[in-house]
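Taken together, the values in this text are just the output of simple stated rules run on the coordinates, not laboratory data. Everything quoted here is computed from the prediction, not taken from an experiment. Cβ: placed from backbone, ideal geometry, glycine included. Neighbour counts: every protein chain shown.
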Amino acid sequence: MTADVGARRVAARPRIDLTVFLARYGTLLSLVALLIVFSIARPDVFPTVDNLLNIMNQISILGTMAFGLTVCLVMGLFDLSIAAMATLGGYIATFLLVQYPDTISVPVAVAIALGVAAAIGVMNGLIVSYLGISAFIATLATGSIITGAVLGISDSKTIITGIPDAFMAIGQGAIILGVANPILIMLGVGLVLWLMLEHTQLGRHLYAIGGNAEASRLSGIAVKRYAPFALAVCAVCAGLGGLMSAAVLGAGRPQGVGDGYLLNAFAAVFIGASSLRPGKFHILGTMIGVLLIGVINNGLSVMGVPTYWQYIVQGLLLIAALFSAGVLTMRRR
Amino acid sequence: MLATHGATVGPASASAEGSCGGAFLEVEGLVKVFPGTRALDGVNIRVGRGEIHALLGENGAGKSTLIRQICGASQPTEGRILVEGREVSLPSPHAAAALGIAVVHQHFNLVPQITVCENLFLTEGLPRRGGVFVHWGEAYRRARALLSRVGLDIDPRAMVSDLRPDEAAMVAIAKAMGADARLIILDEPTAALLPGEVGVLFGHMRRLAAEGHAFLYVSHRLAEVFEIADCVTVLRDGRNAGHWRRSDMARREIINAIVGQKSFSEAISSAPVRQGDVLLRSERLGGGRVAEMSFELRAHEIVGVAGLPGSGAEEALDLLYGRFPATGGRLVIAGAPVAFRSPRDAKAAGLALAPKDRHAESLLPGASVRENISLPNLRRFAADPVFRFIRRGKERAEAQSVAKRLSVKMAGVESPIASLSGGNQQKAILGRWLMSGAKIFMLNSPTAAVDIGAKAEIYDLIRQIAHDGAGVIFTSTEVEEFPRVCHRVLVFRDGRIAGELVGQDATEANILNLAAGGAE
């Protein structure tokens, strides 16, 4: 039965369908539309180079975390520990720098913070692969453990004094052409992960496992080794996001750093999965999702719309994006 | 009058009368037309009171359609159904149940996570106090009564998931019998049962039959039919193909009636052109349902592995491919002993598996034809040894050349695999392993859900693979495919190779006979 249906569809394929077109390019079109609307509404403030760089700067932490999240969602793994991981990354780096100002340099502190995040990510993956616990639950649990551990170590005190300028430069400086460092970090992470997912065997295996784990296993892919890798990448990106946040603020907060990013990161990745290649998580799509969120938030505040509208609009946007992706997925069946 | 009930076709027309005792159910000249086919074309069957009547036939012979008419799930186009001598119409399963006709489906229709009692009252609802609260005391009392009628001594509060399969079967029968079933239709009730459990089930059936309950028993397992059935009716292509009573049942005749006269011009039924080197040798290898198996596979050879469901035939392929661990014996590939811990090891040794369920086990559903073909072969496209950047151009060119060789019909290798027909999807799967250069192809039902034209192409492809020097191990749920595809057939029974049929001897009838417990 399916065979016959499939055969007929081969012939029907070249026709371009409006629904398919909208599902594929709807997100991109709404991004362009929003840019135009905000530019017309506030021509003096919104469409300036400064403001556009400002938007990029505002989304850089979210973008970095969302790129990492894309990697594990490609495999079908939900990582809910990214909020706690962000808090952890920022706190560990500032804690080390303040506690051991003479022995630990900024690069070493960053390396240790990201290393700890990677180790926890690997642990998440081992729990998923070898204990057979779903990533959703496993990362919810490890997230709680991390939150508790950081609170305990910090005695709930924020680190403010003694953070070296070299560290704060990560968030506040601009090494190349006056472009803020967080933007460069986000773009760098995005580029590396895009190359990895799209152009290496590793990335192709991640997509294959997300598509059909048993088919991948029968094709000789060591399926169980990939969850620790994907969750470690995601954890490092989350830790890096938190570290950037600490550098921007000049403070190591022991709680709540990542909370605002958790939902937005998922929203961005899912919006991204509705654009260009519907139903697939991919870095370029995530970038569009992150930009969309950034533009909405910036545009609405530039226009003086109360902050609570940002939440409402984001929620509506997420539903619209998932609906359009869902329509296309249903039609493909 | 009597002659019209009996078989008019087939070797048993001598024993023409279609029933053993007084008739409970009579079906006369039943016709069921679906658009394009006559699924039933004048079927007669007569089931006596207290009779265990087996209904046999290949897939598509019309067994399920006949049962659906008898139990009121569907209405016949022509013909009469009589219950206790009176013509009846059965507009719904409810109407059939009211006349005492009940059906137990293959998987028993029980919900495992709730209790026996709750299952027994699933259809009619649990007894209530004042129409609101469940009257558990009454429910358990009635459940015990139902269970004791089928001779089952279990606690109605037990979870169905905790029961043995034969107990679950009896619970399903108790549920089907409900108030007062006179005819119980069993659709492959033993498929999930172990041999010992089948014996227990048969004991219960005989006792219920002695009390006057009739059974219409559908099965593929001939050995069981000979053990339990009072009468046998065989259907073929929607018609009666024979009828036997216990006294004159003959295995060969029954098998011939099931199989019919078939001729395949393209059947291989002869030795391969060349005898190649031994690619694989299994020495008493066992694991899972496979107790042990010893055989050799040579290059250029297509070896069939046949057997009834649960016999170990299908599991043999999974075992060889390392999908589950071997518990005994030895596997030798190209002269060297191996121990596969995973499919990864098997693939590395040159094995390939095309599993039975294409969608669940083979395809990347959202991916392109190219990505599906290159799935196990990405390494060969790596531009560097560290990052393994994929050379997309080379990948596309090789995928294209494989797809062209197999004449996969598609818009292009970048088309979604989901846009291809089943047959072309299967060709892409085979192409995946051709590209990998596998030396041993293991194919489980490669033509399942594939249309007839594509089937022939896939048979040709299998022959080509063997011709080009690989060895092929083939299994299928359709017995008629073995003579068409294989040079020789290993027939499994109870986890062991019961016998081997070579060349002209590997007929459908011989395979069925051996699988069902006959001599070679």
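Could you let me know the centre-to-centre spacing of the stretch B:308-341 and the stretch B:409-449, using Cα atoms, in angstrom?
24
Taking θ = phi - 60°, what integer Hz values does the Karplus form 6.51 cos²θ - 1.76 cosθ + 1.60 yield along the stretch B:486-496, in sequence order, with x for Gly and Pro?
Listing the rounded values in order: 9, 6, 8, 10, 8, 9, 8, 8, 6, x, 10 Hz.
Fewest Cβ neighbours within 10 Å first, please rank A:Phe21, B:Phe482, B:Phe226, A:Phe266 accordingly. It would help to have the intermediate numbers written out before the result.
Working: A:Phe21 11, B:Phe482 25, B:Phe226 17, A:Phe266 20.
Ordered from fewest to most neighbouring Cβ atoms within 10 Å, A:Phe21, B:Phe482, B:Phe226, A:Phe266 come out as A:Phe21, B:Phe226, A:Phe266, B:Phe482.
Quick query: amide H of B:Thr447 versus all other amide H atoms, modeled in the peptide plane; which residues come in under 5 Å with a sequence gap of 5 or more or a different chain?
none
If I model a spin label as a point 7 Å beyond the Cα along the Cα-Cβ vector, how far apart are those points for A:Ala41 and B:Lys404 in nm?
Going from the A:Ala41 label point to the B:Lys404 one covers 5.5 nm.
Between B:Glu211 and B:Thr77, what's the calculated FRET efficiency when r is the beta-carbon distance and R0 is 41 Å? Round to 0.05. Spell out each step's value before the answer.
Working: r = 35 Å, r/R0 = 0.87.
That pair, B:Glu211 with B:Thr77, gives E of 0.70.
Dipole size in debye (nearest 20) for the stretch B:110-179 around its Cα centre, Lys and Arg Cβ +1, Asp and Glu Cβ -1? Write out the running numbers ahead of the final one.
Numbers: 9 positive and 8 negative charges, 59 e Å.
My answer is approximately 280 debye.
Rounded to the nearest 0.05, what FRET efficiency do A:Ser105 and A:Ser144 give with R0 = 35 Å and r taken as the Cβ-Cβ distance? Could you check? Write down the numbers at each step before the final one.
Values: r = 32 Å, r/R0 = 0.92.
After rounding to 0.05, the efficiency reads 0.60.
Multiplying the sequence separation of B:Ile154 and B:Phe324 by 0.36 nm and subtracting their Cα-Cα distance, what value in nm do you get? Display every interim value, and only then the final one.
Details: separation 170, 0.36 × 170 = 61.20 nm, distance 3.45 nm.
Taking 0.36 nm per residue and subtracting the Cα distance, the gain is 57.7 nm.
Give the angle, between 0 and 90 degrees and rounded to the nearest 10, that separates the Cα long axis of helix B:452-467 from the longest principal axis of the Cα atoms of chain B.
The answer is roughly 50 degrees.
Once you charge only the Cβ atoms, +1 for Lys and Arg and -1 for Asp and Glu, what is the size of the charge dipole of chain B about its Cα centre, to the nearest 20 debye? Spell out each step's value before the answer.
On the way: 60 positive and 57 negative charges, 289 e Å.
The dipole of chain B has a size of about 1380 debye.
For the residues B:Ile101, B:Ile465, A:Ile36, what sequence is obtained by ranking on other C-beta atoms within 10 Å, fewest first? It would help to have the intermediate numbers written out before the result.
Details: B:Ile101 27, B:Ile465 21, A:Ile36 11.
By the 10 Å Cβ count, ascending, the order reads A:Ile36, B:Ile465, B:Ile101.
Restricting the calculation to Cα positions, tell me the Rg (one decimal) and the Dmax (whole number) of the stretch A:181-303 in Å.
In order Rg, Dmax, the Cα atoms of the stretch A:181-303 give 16.5, 55 Å.
Multiplying the sequence separation of A:Leu195 and A:Thr158 by 0.36 nm and subtracting their Cα-Cα distance, what value in nm do you get?
Numbers: separation 37, 0.36 × 37 = 13.32 nm, distance 3.74 nm.
Gain in length upon complete extension: 9.6 nm.
Once the convex hull of the alpha carbons of the stretch B:110-179 is built, what does its volume come to per residue, in cubic angstrom? Show your work: numbers first, answer last.
Numbers: hull volume 5.5 nm³, N = 70.
So the per-residue Cα hull volume is 79 Å³.
In a GNM of chain A with a 10 Å cut-off on Cα contacts, which of A:Ile293, A:Ile319, A:Ile92 has the highest mean-square fluctuation?
Top of the fluctuation ranking is A:Ile319.
At 25 °C and 0.890 mPa s, what whole-number value in µm²/s does Stokes-Einstein give for the translational diffusion of the stretch B:368-436, with Rh from the Kirkwood sum over Cα pairs?
Details: Rh = 11.9 Å.
Diffusion coefficient, whole number: 206 µm²/s.
Between B:Gln504 and B:Phe34, what is the label-point separation in nm under the 7 Å Cα-to-beta-carbon projection?
Modelled inter-label distance: 3.8 nm.
Give the separation of the Cα centroids, the stretch A:24-57 to the stretch A:178-205, in Å.
The two parts, judged by their Cα centres, are 23 Å apart.
Volume per residue, Å³, of the convex hull around the alpha-carbon atoms of chain A? Mind showing how you got there, number by number?
Values: hull volume 52.9 nm³, N = 333.
Per-residue hull volume (Cα only) is 159 Å³.
Whole-Hz Karplus ³J(HN,Hα) for the stretch A:76-88, in order, using 6.51 cos²θ - 1.76 cosθ + 1.60 and θ = phi - 60°, x for Gly and Pro?
x, 9, 8, 10, 8, 8, 5, 5, 5, 5, 5, 4, 4
Kindly state, to the nearest 0.05, the FRET efficiency for B:Asp451 paired with A:Leu316, given R0 = 30 Å and r defined as their beta-carbon distance.
Numbers: r = 46 Å, r/R0 = 1.53.
So, using R0 = 30 Å, E works out to roughly 0.05.
Which lysines does A:Lys224 reach when only Cα atoms under 21 Å apart count, and residues fewer than 8 places away in its own chain are ignored?
Cα-Cα hits under 21 Å: B:Lys347.
Work out the charge dipole of chain B with +1 on the Cβ of Lys and Arg and -1 on the Cβ of Asp and Glu about the Cα centre, then indicate which of B:Ala506, B:Asn240, B:Ala181 is farthest towards its positive end.
My answer, from the dipole projection, is B:Ala506.
Any chance you could list P(r) for the stretch A:58-160, counting all Cα-Cα pairs in 5 angstrom bins from zero, rounded to whole %?
P(r) over the stretch A:58-160, rounded to whole percents: 2, 12, 20, 22, 19, 13, 7, 3, 1.
So what's chain B giving for Rg/Rh, alpha carbon basis, Kirkwood Rh from the mean inverse pair distance? Could you put the intermediate results ahead of the total?
Working: Rg = 26.1 Å, Rh = 25.5 Å.
Ratio value, two decimals: 1.02.
Highest GNM mean-square fluctuation, chain A, Cα pairs closer than 10 Å: which of A:Ile296, A:Ile271, A:Ile137?
Of the options given, A:Ile137 has the highest mean-square fluctuation.
Suppose we look only past 16 Å in the calculated P(r) of the stretch A:96-155. What percent of the Cα-Cα pairs does that tail hold?
Details: 997 of 1770 pairs.
Roughly 56 percent, once rounded to a whole number.
Quick one: Karplus J couplings for the stretch B:146-161, per residue in order, coefficients 6.51, -1.76, 1.60, θ = phi - 60°, nearest Hz, x for Gly and Pro?
4, 5, 5, 4, 8, x, 9, 10, 10, 6, x, 8, 5, 6, 4, 5
Take B:Phe133 and B:Ser247, extend 7 Å from each Cα along the Cα→Cβ direction, and tell me the distance between the two endpoints in nm.
Here the answer is 6.2 nm between the modelled labels.
Once the dipole of the protein assembly as shown is set up with Lys and Arg at +1 and Asp and Glu at -1 on Cβ about the Cα centre, which of A:Gly272, B:Val200, B:Gly260 lies farthest towards its positive end?
After comparing all options, I get A:Gly272.
State the percent of C-alpha pairs, over all pairs in the protein assembly as shown, separated by a distance greater than 53 angstrom.
Working: 113307 of 363378 pairs.
The proportion of pairs with Cα distances above 53 Å equals 31 percent.
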